[in-house]
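A short worksheet on the structure shown next.
The values are calculated or read from the model by the stated rules, or taken from the named source; none is laboratory data. Worth saying up front: this structure is predicted, and the values here are computed from it rather than measured. Ideal geometry is used to build each Cβ from the backbone, glycine not excepted, and the neighbour counts take in all protein chains shown. Surface accessibility is based on the protein's heavy atoms, side chains included, excluding ligands, DNA and RNA. Shrake-Rupley method; radii C 1.70, N 1.55, O 1.52, S 1.80 Å.
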Amino acid sequence: MTTISLRFDDEMKRQLDEMCDEMGMNLTTFFMIYAKKALRDRQIPFEITAPLNPFYSDSNMKQLSKANQQVKNGQVIVKTMDELEAMECE
């Protein structure tokens, strides 16, 4: 037998202990089940995905919605490229 040490955030460990206890097992049993399933199926037993494009994050979508509403309400400042470039040199 081999011993494996894992570092967990205290709160995550507490929650995982609690969940395992509710299922009638301890953390060792939990990780053994996980490892056996991964080895049997030759894959991680849950889907891993990359985060969504940050453009579509909740905070960005709120800003875009706010900007869209400002455009609809005529609350915009229009400048030509020449005016913007002139501002850069100031």
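Can you say whether LEU52 is out of contact with any Asp or Glu (no Cβ under 8 Å at 6 or more places or on another chain) and either open to solvent by 100 Å² or more (accessible area, probe 1.4 Å) or β-branched (Val, Ile, Thr) (or both), as far as the supplied structure shows?
It is true that LEU52 is out of contact with any Asp or Glu (no Cβ under 8 Å at 6 or more places or on another chain) and either open to solvent by 100 Å² or more (accessible area, probe 1.4 Å) or β-branched (Val, Ile, Thr) (or both).
Is at least one residue of region 22-40 at pLDDT below 90 and in a loop (DSSP other than H, G, I, E, B)?
No, that holds for no residue.
Just to be sure before I move on: is GLU22 open to solvent by less than 100 Å² (accessible area, probe 1.4 Å) and acidic (Asp, Glu) in the structure I sent?
no
Scan (1) open to solvent by less than 90 Å² (accessible area, probe 1.4 Å); (2) out of contact with any helix residue (DSSP H, G or I) (no Cβ under 9 Å at 6 or more places or on another chain); (3) polar (S, T, N, Q) for the single condition ASN60 breaks and write down its number.
(2)
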